[in-house]
Structures are given as structure tokens and as C-alpha cells.
Amino acid sequence: MPARDAVSLPNTEAFENIADHHIVRNFVGGLRMMLNDRTTAAYFWILVGITFLGVVGPMLAPYGIEQTQYSETGQILSAAPPSINHPLGTTFAGYDVLSRLLVGARPTVITGLLGGGLILTIGTSIGITAGYVGGRTETILMRFTDFVYGVPLIPFGIVMITFLGVGFLSSILVIGLILWRGGARVIRAQTLQIKQYPFVKVAKATGASRRRIIIKHILPNVAPMAIFFLALGVGYAIMLQASLTFLGVASPFTPSWGVMIRNAFNSGYMSQAWWWSLTPGLLIGITVLSTFMFGRGYEDLITADSESVEADTVAA
Amino acid sequence: MSSMKRYVVVRGLQTIFTLWLVLTALFVMFRSMPGDFTSQMAVAGASEEALAALRAQWGLDEPLYVQYWRYITNLAQGNLGESPVYRVPVWEFVKMRMFNTFILVAPAMTFTYLLGALIGTITGSKRGSRLEKLGIIPVIGVGSFPAFFLSIVLVVVFASWLNLFPTSGMLSAGGTELETWWGPYLTADFGIHYVLPFTAVVCRYLFIPSLIMRTSVVEVMGQDHTEYHRLTGLPIGNRLRHVAKHASLPVLTIYPVSLARALGGVVLIETVFNWPGIGYALVEAVLGRDYPVVQFVFFVVAAFVIISNFLVDLLYGVIDPRIRVED
């Protein structure tokens, strides 16, 4: 069948046309729209910068994180203020703060991406299932969401960590298992709306399977809201992970920014060696603020109707 | 008012059922957790027979339903059990700690919500202005920092450097003995210890009511009755009062949940300030598998959310008759 082969042959053409694919087109268009807004673009580039730091940070570190620094006279540089050799000073044990900060960027970025990804996945799955399937499934899922919604975050997180075992990854898993709650509510509400649109009814009438409708029709339409929750989730995950670390229930051996603040606090030299905890704290705050502001700017751009989701997003 | 009466009864029964459900869920959850309070003694080198005897003494070797029945009947008689770790009745262990947390969180969160509602009304009413766009950013910015970092900054700046407030604790050591248990809470010494933790709570949570109120105010400002008030020439102050009243429902709804969550979240602030509250005791209790204590504290926080949701629902039913119809 030479004719058929002729049709499927021109792979190169398909490759050239990839820019015309609707997903790529939407993605590029959306990105351009976002970057045209000055404030949103600023937060976007901060986040790109921090992610970049997570990738290359450990390579840039001038010293090892557990390499004791000595002064010219051979004494340990314990809690030394910022100087030319150590621009951010040293810790009580004589470690270089800048090096620890650069190395600590990676666990923070991993926490954000993994935690945010988990929040997004669980929240979207539960939201869409509840909204689209309806009936008893919806009642059970939403009552469960209500229950998780009333749960006090940090104490419950600690209980779940004792279940799973103290560690860096288990603390991220716990974050994902609790913080999906805000997203699930909003995505369910959106699914309920989309379900009423004619194109979904037509698809159903022509015999499309439930799976096809969810993947082809529901998912693309809740995607913007899901991405908004991804942005918020990244911020909340970083904040909560730092808090659990501070309380000593996440791994103290992963040198994240939260661990630095914990060490500074526990050393009792907080007031003297302020440079030790100031920069990691500021970086955590800037990262969380950027995810939040970026998410809000993005949501402003994508939602034409002014349906308020503030209560579910702010109080996650 | 029969529909209202019915609404109250139905919602009341639902609330009681939910409370029972939570109680049972907490019981099952903590009994199915790996290890019990003897785990740490085993690590410390206690013999297997001694641990088994200890488990038998505390009834931990009996079937779950027997333990559950005992738990429920004891609870009905007001007996919360005993902490196996500290060897004191649960109530004795938690009561002052819970009160210390409550006296920090409740006034601080109430103040946060009032201030937040004010900030939200001011920024939300100036739609499209620089104030609306930028006024809220400092509030969000401060709220983006973890609570423990905010507390550390407050301690370092205001206690260590400026020496204005004590660095930690709730009362100075060796203060005068007072006869009543509530006496110390009325002293100036308590007040001076109270300022920084209070500020930390406000800084951490202020963005929540501010943002919700702002969105709500922006919505109400766009409604017809606001425009009508403007046309009648009502001064701006009176108009904003109307708007704030209409816009306050979402903030009111989230207030009790927020308060209950802060009761748990304040553990970070308590840790930095060494505040003798329930937060840090709870962390210790979880790590030490002190289930009776943990179970009770979790139940109190959950009951707080459930009951205040019930009260908010009733309030809604009074304000908006349409809600009384069963959902």
C-alpha cells in the first residue's frame, strides 16, 4: 500500500508544524500574556531565578557545607560577621553561611516542586471526580474534604510524619496529603460549571466515554485554575516544610534553609550572629511571596468572570 | 418560625453526629499508629516482660472494641483518662496549657480579623487606585514569612537589641505568688511578655482577612444598592459602613475555622517565645506516643471547628431565610 506510506512519511513537516499544535500555541500565548504584565513577569523571573539557584547552587558554593573555616591566625571562625572571604558570615560551628545557603536552595526547590505537584495532582483528581461523577461519590469525597479542611495543619502533619517516619521525602508527602483541600473545592465547583456547557452534553450524547470527556473536555478547561493552585501549592509546601523542619520533625540532615534557621535558633546565638538566620528566612519569604503573587496575577489574567475563590485559596 | 426550629434541630443532630464521628475516627487513628508509649522505653532498654506487663496494666493488649467501649463510657462520666507518659490525669495536664494558648490566640486572632476587615475595606473601596494595587502587598509580604522566622526577627530586634520586651516566657521567674490561678494574667509582667507573641500572631495571619474582605468589598461596591447610596448623596463614611456590613459575611464565615487552625499553628510562635501553651506540649505528646493527651487536644480543636460552624450556620439562617431550606 504505497499510498498510505506516502501519507505518513513526511515526519519533518509534522516537526515543523509543532509550533502550530494547539497546546504549544496556547502555552506560548499564555506565557506571552503573563510576561506582558510587568508585576506578574517580575515574580515569574524571581521564581525562575530561585529554580536556577536550586540547579546550579551547589556548584557555585565556594566552600563545603561542613568545612570549618579558620582565620589567618588559625582560629576557628565561630559566628564571624560578614567579610570579604565570607560575604554572609559564618555559623557558630565555623561553616560558611553563603555556601550553606547555595546548597540549601536545592532541597527548597525540590520541596516546592514535589509538594506543589502532589497538591495539584490530588486536588485536581478529587475535585474533578467529585464534580463530574456526582451522587454518593461526590458526597463522600466532599465530606472528606470538609474534614481535612478543619484539620489543624502542623499538629496533624506531625502525627502523619510519625506514621510515615521522619525524613525529608516523608515531610513532603505529608504536605501533599493535607494541602490539596483548597484546590479540590474550587476545581469541583469549576467542573460542575463546565459539565453544564453544551459541548460536554454533545460529547456525551455522541457516546464519548467518561474518560474521554474528562481528559478531552474537562481537564483542559480546569487547567488554568489547576496551575493557579500549583503556584500557591509550591509556596505553601516550602513554608510548611520549613515549619516542620524548625520543629525538628523533618530531616535535619538535608541542609535546607529551614534547617539553617533551626540551627541558628538552637545555638542561642541568634541575636549575635543575625546573619546566620536572616538570609535563609528572607529567601523563604521572597520565594513564598513570589509564588503567591505570581499565582494571583496569573489568576487575574485567566479568569474572565470575577467568581471569587479568595476564601478557598487564602486560607489553605 | 417552625421552619427555623426544624433547621436548628436538623443541624444540631448533624453536629452531634459529626462530633461522634470525629471522636471515633481519632480513637481508631491513634490506636492503629505504629508503636505505643512503651516504644520509647523499649529503646531505653526495658525488658520485654516489663513492657508487656505495662501494656496489660494500661489495657493496651485488649481488643480494640473493648478499649473503645471503655474510652466512651469513661468519657461520658467526664473521665478523660491519664497520660501514661507524665502519669497525671489528662485534664490536669492540658487545662492550663490550653488556657495559655487560648488567651494568646483568641484576642490576637480577633484583633487580626478586625484590623484585616478594616484594611480590606479601605483598599477594596479604592478600586483601580495605587492603594488598591499596592496597599495590600506589605500585608501579604509579611504573611509570606514562616511564623517562626517572624517571631525570631521580633525577638532579635525588640527584645535582644532594643531591650524593650523580655525574650521569652509568659511570666518572669520568681514573681510574687498570687492566690488565684487567674491572678498572674492581670499583672503588668504578663502584659509585657504578651506583646511580642501577640504581634507575631497578627503579622502572620493578617493577610487572610485583609484579602478576603478586599475581594468581598470590591464585589459589593459593584452592586446596584451601592450605586444607589452614592446617588442619594450619602457621605463616603456612611456608604463604606453599608458596604462593610454586606461584605463581612465571607470573613465571618472563615473566622472560627481560622481561629481553630491558629490554635494548632501557633506552636511555632510558642516554641520561639517559650510560651507555656498546648502547642509544644502537643508536639512532644505526639512524638512520645502519649495518645490520651493527643486524642483529647485534637478532639477539642475539631469540636471547636464543628460547633462554631454550627453557630455560623444558625447565624446565616437568621440573616438569610433562603438557607433554612434543606440542602
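The values are calculated or read from the model by the stated rules, or taken from the named source; none is laboratory data. Not measured: the values here are computed from a predicted model. Because the Cβ atoms are built from the backbone with ideal geometry, glycine has one as well, and the counts that use them run over all protein chains shown. For the accessible areas, the whole protein counts, side chains as well, though only heavy atoms, and no ligand, DNA or RNA atoms are used. Shrake-Rupley method; radii C 1.70, N 1.55, O 1.52, S 1.80 Å.
Data for the structure
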read-out	value
Charge-dipole axis of the range A:87-199 as Lys and Arg at +1 and Asp and Glu at -1 on Cβ define it, positive-most pick from A:GLN193, A:THR121, A:PHE144	A:GLN193
Cα centroid separation, the range B:80-115 to the range A:212-234 (Å)	41 Å
Calculated FRET value between B:LEU164 and A:THR39, using beta carbons and R₀ = 30 Å, to 0.05	0.25
Peptide A:293-299 - average C-beta neighbours from other chains (10 Å radius)	1
Area buried, chain B against chain A - accessible surface, total, 1.4 angstrom probe, square angstrom	3900 Å²
Per-pair calculated FRET efficiency, R0 = 30 Å: A:PHE199 and B:SER129 via Cβ, rounded to 0.05	0.15
Backbone N within the range B:74-116 under 11 Å of label point (7 Å from B:GLU284 Cα along the Cβ vector)	B:86
Ordering of A:151-164, A:39-52 by burial proxy (mean other Cβ atoms within 10 Å per residue, highest first)	A:151-164, A:39-52
FRET E, pair A:ILE215, A:VAL55, Förster distance 45 Å, beta-carbon r, rounded to 0.05	0.90
Other protein chain Cβ atoms within 10 Å, averaged over every residue that makes up B:147-160	5
Spin-label pair B:ASP224/A:LEU301, simplified geometry with 7 Å Cα→Cβ offset, distance in nm	3.6 nm
Exposed-loop-free span, longest in chain B, where chymotrypsin sites (Phe, Trp or Tyr not before Pro) count as exposed if DSSP calls them loop and at most 15 other C-beta atoms lie within 10 Å	B:1-180
B:ALA25 paired with A:LEU169, simple spin-label distance in nm, labels 7 Å along Cα-to-beta-carbon	2.9 nm
C-alpha long axis of helix B:236-247 to longest principal axis of chain B, angle in °	40 degrees
Shielding by other protein chains, A:266-273, mean Cβ within 10 Å	2
Probe 1.4 Å, protein heavy atoms only - accessible area per residue of the range B:109-158 in square angstrom	41 Å²
Approximate spin-label separation B:SER308-B:THR232, in nm, with each point projected 7 Å along Cα-to-Cβ	3.5 nm
